[in-house]
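Read through the structure below, which is laid out as structure tokens, and then see the notes.
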Amino acid sequence: MQYPFTAIVGQELMKKALILNAINPKIGGVLIRGEKGTAKSTAVRALAELLPQIKVVDGCPFNCNPDDPREMCPYCIEKWERGEKLPVAYRRMKVVDLPISATEDRVVGTIDIEAAIKKGEKTFEPGILAEANRGILYVDEVNLLDDQIVDILLDSAAMGINIVEREGVSFTHPANFILVGTMNPEEGELRPQLLDRFGLSVTVQSEKDPEARVEIIKNRLEFEKNPEEFTKKWEPRQKELRDKIQKAKELLPKISIKEELVELIARICTEMGVDGHRADITMVKTAVTIAAYKGRTEVEEEDVKEAAELVLPHRMRKKPFQQPEIDQQKLNQILNQTKKPSKNSTSLSQRPRESTEQKQQGEKQQKSEDDEEAPGTKEQKAPIGEIFTVKPIKLHQDRIKRTKGRGRRAKTLLKAKRGRYVKSRIWAGSTDIAFDATLRAAAPFQKLRRREGVAVAIEKWDIKEKIRQKKIGNLIIFVVDGSGSMNADERMKAAKGAVISLLMDAYQKRDRIALVVFKGNTAYTVLPPTSSVELAYKLMEELPTGGRTPLAEGLKKALELIEIEEAKNPDTYPLLILISDGRANAAGSGKNPIQEAEEVACLIKEKGIKSLVIDVEKDGFMNFGLARKIAERMGAQYAKIEDLKEQKIIEAVKDFVGG
């Protein structure tokens, strides 16, 4: 039994976004971001009980609309063109789950094996997209969905149809669905191409009010003790909301929006720095739907503001790893300017230029701050320095069949029976047989073959083998010098900027990252291997400096991390990035600190671990060049921190990642 939607405590913005999509599916779905245990999945599944009924062709697996041939499958169109009366049924919109492990065949559909074997016919077996037509397609942990499936979803969502051409079957059917995704940002971010496809976006957090938390506990325990009684208790509120949604759907075509409000929406999107025009269109649809939900026939300015809070956060240009949220102060300022226009107010075309000039002045001021020196050895917390974009390194898919899974930031086709089964090909002697594809190849010919006691007669040319694919991302270990010497010349500030810039690149490549810091007399793992670059960003932001420089301890800790990860997963491809001035002055063994650091560096080289040393020491009279010596012992690529934006470091990084 499903937990009632109206019994969910708090999370009003999330509930509103889901309700608006139930009223008007053309809004385009919703992305719900948030930490674990915040009722994301519960709310989506509970929505099914509130969804209105839709008119469908009875018995059609595609949920075709009997009143509109544009929303019919080929079978229903054929009957409609012959003048046949299509059987009608009413059913609730469905919430269809898309598992993150779903294969391409399961999503788009494939040949019907049963029909092929029994009748010798090549007919289409509908997939998840067919089931979700005119309903809600729900993807839990959407950020972990395979890229290949993401591409299929994008194409279907954009066109409203699913085109299937495989296994000798060619078929097209409507695929109009509301895409609802939930995700925990700590487990990795979402591809920007998919992000913009969600009409609305909300971020949820756990309740901070103790009274609300107590209510959540009581409700949940009561539901688990007696689900039927609890559901019955909440039914009046469920019915009230269900009726309100239905009335809003009926009112929706009658809603009007004034031209000045459409102009306001365009202005908000422009001044908020939103790319493209999808946001403008979605804001209009959302504002209209909000008015219908409130029982009005005309959109008001307050509806536009509410729509902006749902439509814009995930579309606004933001700094790296900044949480998607709308600037309420700026939004209110735009709304107030609309209410009180001034003859002397700046035109829309002038504003971007002014903001650009202000930005340039800010950058000039920041640069002058960067040039100032802030020496010191006591523990301090340096701000993050200039962040820049590392030139993208696009690696082509490695098409070599490998017995080992090691690759370099790429998808590798594997010969071993590991990795995700993505498709099949003609058998070439492998023992990894694709039984489903083999059956589909043999099925249409069963009437022509002598089975002689077997259920399915399979010939040699029917046999297909599996093609497996495994995305091999790097494990990037950042080894950061947190000693007092990093305070000189604002080295830590520059180092933080470099790490964040490299984190941006890791985020785009979906690499896993770990963070090791060494200072005082020891080294410690600040962040174990994770896919959450946002967490790494927060930790770097708070990282203080101070104390001695136990460089050898930092390298040992990184080496220890790598060995543990390789033991867990032999396919791990480690990349070690050392950011330091190399001025080692502490050693746990009592040896000469520099000598011990060089010994550990040699060990890293012997183990064949790829590494990059970024030297934060500025050129000048007191330049010791110790980081360069460590790089030589380590067999590492070497770069000065000021070179990170120059072509020579780009070439070094290309070689570093095997590009």
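The values are calculated or read from the model by the stated rules, or taken from the named source; none is laboratory data. Values in this document were obtained by computation on a predicted structure and should not be read as measured data. A quick note on method: Cβ atoms are made from the backbone with ideal geometry, for glycine too, and the neighbour counts reach across all protein chains shown.
Quick look at the values:
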{"item": "One residue from LEU475, LEU439, LEU448 being modelled with pLDDT of 75 or more and surrounded by fewer than 23 Cβ atoms within 10 Å (Cβ to Cβ)", "result": "LEU475"}
{"item": "GLU228 of a type in the set (D, E, K, R) and farther than 25 Å from SER41 by Cα", "result": "no"}
{"item": "Complete set of residues in segment 564-610 that are of a type in the set (Lys, Arg), at pLDDT 85 or above and not in a helix (DSSP H, G or I)", "result": "LYS607, LYS610"}
{"item": "Matching residues, segment 32-48, being surrounded by 21 or more Cβ atoms within 10 Å (Cβ to Cβ) and over 16 Å from PHE5 (Cα atoms)", "result": "ARG33"}
{"item": "Hits in segment 130-146 (condition: free of Cβ contacts under 8 Å to residues at least 60 places away in the same chain and either surrounded by fewer than 22 Cβ atoms within 10 Å (Cβ to Cβ) or among the acidic types (Asp, Glu) (or both))", "result": "GLU141, LEU144"}
{"item": "Total residues in segment 18-65, condition more than 23 Å from THR289 (Cβ to Cβ), assigned to a strand (DSSP E or B) and charged (D, E, K, R)", "result": "0"}
{"item": "Filter pass, MET272 being more than 24 Å from ALA48 (Cα to Cα) and at pLDDT 90 or above", "result": "no"}
{"item": "Evaluation of VAL516 against (1) under 13 Å from ASP481 (Cβ atoms); (2) in contact with a Leu (Cβ under 6 Å, 6 or more places away or on another chain) (one fails), failing number", "result": "(2)"}
{"item": "Failed criterion for GLY120 (all others in (1) surrounded by fewer than 17 Cβ atoms within 10 Å (Cβ to Cβ); (2) at pLDDT 85 or above hold)", "result": "(2)"}
{"item": "Helices (runs of 4 or more DSSP H) fully within segment 183-262 counting 1 or more residues that are modelled with pLDDT of 90 or more", "result": "210-225, 227-251"}
